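Trainee: Sharing a structure below in structure tokens format, with a few things to ask.
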Amino acid sequence: MTDKPVIISEAPEPQPAADAQRPAGFWIRSGAFTIDMLLAKIILFTLMFMQAEIAYMFTAAGIVTFIFPMFIWKGQTLGKRTARIIVAGNNGEQLNSTRIFKRYVFSHMPPILFLAFHTSQFFSCPPDYFLYILGVILFLCYIPAAFHNKRSLPDYITGTRVVYTHNIGSLRKVIVICAGVLGVTVFILLSLQALLEFIGRYLVH
């Protein structure tokens, strides 16, 4: 009687989804963005308690949260990696450094303005409502991502799209989408608050 060889199977590597390159929807992108904004807030408040200069705070938060990951991970931030999505070219190709930089300029101006407005209040700085209103308008450029093509205005401008890289899994997807709903809700409430403050300060006498 001959012994049969024992085959030990290794744990399978995560496989790309059968529908990899499928466009990522509005809420999954909002969830990834909320995670990035949370990280930026943590960095800002940490540096604030260290009494860092405001310009240094925003530079550090932008580099750590958006610029560095986008270049290292070729189109992904921490939030996007969590959501299993990536910024790619129109045909799914990986972005080069120039296109990553263009995408950063067009897509991350709104959160920078948004963070600058709210963080300045902790330093008793007079709020710059013009920058905040500009940030809200730029945020509205992401609404087209909720429709059929799932591309925002920055996607159209830079010739990019946000797509899935792997199966995200049901639980992870629910968590990320819930984060997106929470982030959008907070953004709407803060926008309404800023609008009422603006009306009370400049329009009502």
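Trainee: Let me confirm something: among R84, R29, which residue is more than 18 Å from S107 (Cβ to Cβ), surrounded by 15 or more Cβ atoms within 10 Å (Cβ to Cβ) and under 13 Å from the mean Cα position of the chain (by Cα)?
Mentor: After applying the criteria, what remains is R84.
Trainee: Return a yes/no flag: does segment 120-128 have any residue that is modelled with pLDDT under 75, of a type in the set (A, V, I, L, M, F, W, C) and either part of a helix (DSSP H, G or I) or surrounded by 19 or more Cβ atoms within 10 Å (Cβ to Cβ) (or both).
Mentor: Yes, because at least one residue in segment 120-128 is modelled with pLDDT under 75, of a type in the set (A, V, I, L, M, F, W, C) and either part of a helix (DSSP H, G or I) or surrounded by 19 or more Cβ atoms within 10 Å (Cβ to Cβ) (or both).
The values are calculated or read from the model by the stated rules, or taken from the named source; none is laboratory data. Computed from a prediction, not measured in an experiment: that's the story for all the values here. Neighbour counts are summed over all protein chains in view; Cβ atoms, including those assigned to glycine, are modelled from backbone coordinates with ideal geometry.
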